[in-house]
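Working notes, beginning with the structure itself.
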Amino acid sequence: MKPFSGFPARARYTGIPALFFSALLPEIDDVAELKVTLHVFWLLAHRPGSDRSVTKDELLADRTLMAGLARCAPEPGAALQRGLEMAVARGTLLRTEATREGQSGPLYFVNSESGRQEAAEALRGSAAQPGAPPPEPASAEPQPGIYQLYEENIGLLSPMVTEKLKDIESQYPEEWIAEAIRLAVDARKASLRYIEGILKRWRDEGREHGEPGRHPEEDGYTGAWERYRARRGR
């Protein structure tokens, strides 16, 4: 292996969401998925113009990516397909059947806010073409997970916080955790301890009737719960 000489002073950088490193990277155990995902981030970040989609054919023609995949798999084309499928299944990338520059086929987008908007626009553009079949909806568009909700509303995911969230996730439904995070933000008590307190009340008293315990006026839970139930129409 030839040692890397280091990054030059004016090296270009590629922006990758911090959530990728805290929530996704620890879960990715397939080298092809990791290489394909990072290459798509890099390719779309430095692509001129407004197009932020990529096709499988473009990736197959990318000698840098395919050479990298050839180092970890005997069939780089199969490794590319596997990497794309795993990234879509994980929700890192979106895939939708649409038409671009007169060619129909799967388009891949980063599953970000702008990527979701562009995937929807691609679908609308395909549907507007005469004689076009009904477009398939973009895949892998889940609601924000608990790790994303925590990082966007409470704070960065340190290794300790991530482990604690994993422990909480093993004990409670994801829907409960997401609601508890929103309640904690409403109550301005954004901490894991407060979130766990809400979840324990729901576990012990039922989510529909899990009112505060001995000192509701001290933790702000009652007001936050009532505001949340009002929004839900309860």
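The values are calculated or read from the model by the stated rules, or taken from the named source; none is laboratory data. Please read these numbers as outputs of a predicted model, since none were measured by experiment. Cβ: placed from backbone, ideal geometry, glycine included. Neighbour counts: every protein chain shown.
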Study note, to complete from the structure: From the option list GLY68, GLY102, GLY91, single residue qualifying as on the phi > 0 side of the Ramachandran plot and at pLDDT 80 or above is GLY91
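Please work out which residue is modelled with the highest pLDDT, limiting yourself to the stretch 71-87 and to residues that are farther than 17 Å from LEU34 by Cβ and surrounded by fewer than 13 Cβ atoms within 10 Å (Cβ to Cβ).
Per the criteria, the residue is GLU75.
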Check your understanding: Does PHE21 count as within 17 Å of TYR108 (Cβ to Cβ) and either small (Gly, Ala, Ser) or surrounded by 10 or more Cβ atoms within 10 Å (Cβ to Cβ) (or both)?
Key -> no
Exercise for review: For the stretch 44-65, name all the residues that are modelled with pLDDT of 90 or more, buried (at least 18 other Cβ atoms within 10 Å of the Cβ) and either in a helix (DSSP H, G or I) or among the basic types (Lys, Arg) (or both).
Suggested key: LEU44, LEU59, LEU65
Review point. Within the stretch 107-116, is even one residue in a helix (DSSP H, G or I) and in contact (Cβ under 8 Å) with a residue 60 or more places away in the chain?
Key: yes
Check your understanding: Got a number for residues in the stretch 165-188 being touching a helix residue (DSSP H, G or I) at 6+ places or on another chain (Cβ under 6 Å) and either in contact (Cβ under 8 Å) with a residue 60 or more places away in the chain or over 22 Å from GLY91 (Cα atoms) (or both)?
Key -> 6
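For every residue, the table says whether it meets (1) within 21 Å of PRO26 (Cα to Cα); (2) surrounded by 15 or more Cβ atoms within 10 Å (Cβ to Cβ).
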position	(1), (2)
MET160	yes, no
ILE177	yes, yes
ALA180	no, yes
ALA190	no, yes
